[in-house]
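Structure, as structure tokens:
The values are calculated or read from the model by the stated rules, or taken from the named source; none is laboratory data. Because the structure is a prediction, the values reported are computed rather than measured. Quick reminder, even Gly has a Cβ in these numbers, built from the backbone with ideal geometry, and neighbours come from all protein chains shown.
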Amino acid sequence: MKSQGFPAKNRERRESLAQDADGAFLDAVLAQARDRILAEQAPEGYWCWPLEADCTIPSEYILMMHFMDEIDPVLEAKLARYIRSRQTEEGGWPLYYDGHFDMSASVKAYYALKLAGDDVGAPHMAKARALILKRGGAARANVFTRIALAQFGQVPWRAIPFMPVELILAPRWFPITLAKVSYWSRTVMVPLLGLCSLKVRARNPRGIGISELFVRPPDEERDYFPVRSFMNYVLCKFERIGLGLERAIPGRLRARALARAEEWIIERLNGTGGLGAIFPAMVNAYEFLAVRGYGPDHPYRRDALAAIQKLLLVGDDEAYCQPCVSPIWDTGLVCLALLEADREGTKDAVTRGLHWMRDRQLLDEPGDWRDSRPDLPGGGWPFQFENGHYPDLDDTSVVAWAMEESCDPAFAESIRRAAEWVAGMQSRNGGFASFDVDNTHYYLNEIPFADHGALLDPPTSDVTARCITLLARAGGGGRYREAIARAVAYLRSEQEDCGAWFGRWGTNYIYGTWSVLIGLRAAGIGRDDPAVSAAVRWLLSVQRADGGWGESNDSYHDSTSAGTGSRSTSFQTAWAILALLAAGETDSEGVRRGVRYLLAHREPGGLWEDVEFTAPGFPRVFYLKYHGYARYFPLWALACYRNRTVR
């Protein structure tokens, strides 16, 4: 056995040691995990692990290269290898590991591989094509996929919803305005509406198409907009009327709208951080700038391309593109885990991390959130390295929580500004959203453009709970008592009949329930509260036979599968342990079984690893794997268990 106390290859010895959740073995596990995480801190002070999505993003990267006729053959080959390696045995591509076939992801992956030179007669291409046709063909892809296909001349423009760029000029009272949709929607939409209004055609230098993926010729297709609801049906009718009137839009009005879109994008280009600091918006902005006449050597074009390229993770054989990066989120959560695991031993590293974040607090910068709160002083943090217009309430709450937990007076002013900003961003229903206030115009999710159902940023339980945690810790003397009471009332109204809470930004009910129980504990609501006891019963009821917890992203499609999946995961087991400990279940056998699971399921280097995708970008549409979750959440949970139970 190694000197650190870790098990050798002998399985019986490993399982025996895993039973010792109360002694030297637990300390050794924590020490090695702590040291591994400390070693991964960047010299500047932050932590940031890869953020991986499904094959849609690398496929779109290849499509972008062919749209612009800026093809890097070496990179293209590596992206193609990555896409091929993620194809399922069935022949398609899912939205997350072990997930079901997704039409849009599969159409984009197939097209990207064909653009990269794959022979349509190759077995993997034939298998993918047969499955896509069996499921209705490429005409059944979602709106964003059909927009790409229209740009490449594969479907007619009537397959695309009528969303004219003139919407950027709409007054506040108009039913569809930028202020009424989420931050991610508006950053994606503005350049995209310009591209669609101009009906821009991809350069596609090799003239490659995918007509073989359609059941009937695209020009003859009459079912590009299947009805999703009665309201959707009505809005589709209005949308088709608008499409017929597009030619009547005055040229001067269109020119004005395009110029305004250009100004809006340039104001938010964010240097080499990219528009919105998210890949889809960056790509749309890059293409729009090219269409508007900015040459390859113009600083805007160079920065826009650099922002996209910074998202690439390139290996010897494969490459993929991240949808964004998560340094603020990772660093805040790591600091909380390290403070729990070894406050004194990690003090220098945590302090460097907190100072790095303090320097990135957004105080007086302009931001879209000021449309609804023009007089509220700033104080938030973004999710990414740079994203000045879009601070995030979830990140802000985690960062300020970690600063408060450090007990370092150097961060007092940062905490105060953060708490004031968060409290000022509370929505009317008492909840908190991620970026916006009262972003609840739900009819917009019924317009044809929003077939993904993710156009809005309404309040959610997980973000609300994190905001409560900060406000309760930062609000000495009851400063935020009223805001916390309203937020707690919102959480009570959101609890499911089974006792769990929905998780918007992590998978899924386990994540939501962990978030809420932490928040309720911070608000002084204990184990005897009916909401807490119901949540505890639910968590224990979905614990798996091996002692862990595991929930598939399938629960976003079918809520009856809440808390269940094909396997336990380290990060979800950690969430469940942290939730139960917050609820006062320190002597629970369920907690001990969860701890033993984590102790017994580490990788040889002393950390944890999971293949599962850990969070939705958009439930039912887009999912992410935070590679850091399997590192710091188990450390946090085991340290919390030790500190509350081990004598």
Starting from segment 207-236, keep only residues that are under 17 Å from Val107 (Cα atoms) and part of a helix (DSSP H, G or I), then list their pairs with residues that are among the hydrophobic types (A, V, I, L, M, F, W, C) and at pLDDT 65 or above whose Cβ atoms are within a distance under 6 Å, requiring at least 6 positions of separation or different chains.
-> Leu213/Ile132; Leu213/Ala138; Pro218/Val155
Given the structure, is Ala531 small (Gly, Ala, Ser), touching a Phe, Trp or Tyr at 6+ places or on another chain (Cβ under 9 Å) and part of a helix (DSSP H, G or I)?
-> no
If you scan segment 132-156, which residues turn out to be surrounded by fewer than 19 Cβ atoms within 10 Å (Cβ to Cβ) and farther than 23 Å from Ala454 by Cβ?
-> Leu133, Lys134, Gly153, Pro156
Can we say Tyr82 is touching a Leu at 6+ places or on another chain (Cβ under 7 Å), buried (at least 18 other Cβ atoms within 10 Å of the Cβ) and either among the aromatic types (Phe, Trp, Tyr) or assigned to a loop (DSSP other than H, G, I, E, B) (or both)?
-> no
Give the residue, chosen from Arg268, Arg256, Arg260, Arg252, that is farther than 13 Å from Glu166 by Cβ and charged (D, E, K, R).
-> Arg268
Checked Ala341, Ala412 against criteria (touching a residue at least 12 places away in the same chain (Cβ under 8 Å) and of a type in the set (A, V, I, L, M, F, W, C)); the one match is Ala341
Go through Tyr509, Tyr556 for me and flag whichever is out of contact with any strand residue (DSSP E or B) (no Cβ under 7 Å at 6 or more places or on another chain) and among the aromatic types (Phe, Trp, Tyr).
-> Tyr509
Condition test on Tyr61, is it crowded, with 18+ Cβ neighbours inside 10 Å, farther than 24 Å from Pro634 by Cα and modelled with pLDDT of 95 or more?
-> yes
Among Arg129, Arg158, which is in a helix (DSSP H, G or I), of a type in the set (D, E, K, R) and out of contact with any Asp or Glu (no Cβ under 8 Å at 6 or more places or on another chain)?
-> Arg158
Please state which one of Glu44, Glu60, Glu70 is of a type in the set (Asp, Glu) and in the same structural domain as Gly605 (by TED's automatic domain parsing).
-> Glu44
Would it be correct to say that Leu517 is surrounded by fewer than 24 Cβ atoms within 10 Å (Cβ to Cβ), in contact with a helix residue (DSSP H, G or I) (Cβ under 8 Å, 6 or more places away or on another chain) and not in a loop (DSSP other than H, G, I, E, B)?
-> no
Of all residues in segment 452-494, count the ones that are surrounded by 21 or more Cβ atoms within 10 Å (Cβ to Cβ) and touching a strand residue (DSSP E or B) at 6+ places or on another chain (Cβ under 6 Å).
-> 5
Within segment 500-514, of all residues that are small (Gly, Ala, Ser) and assigned to a loop (DSSP other than H, G, I, E, B), the one surrounded by the fewest Cβ atoms within 10 Å (Cβ to Cβ) is Gly506
Please enumerate the residues belonging to segment 242-291 that are modelled with pLDDT of 95 or more and acidic (Asp, Glu).
-> Glu262, Glu263, Glu267, Glu287
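Look at Ser434 and say whether it is closer than 26 Å to Gln495 by Cβ and small (Gly, Ala, Ser).
When the stated conditions are applied, Ser434 passes them.
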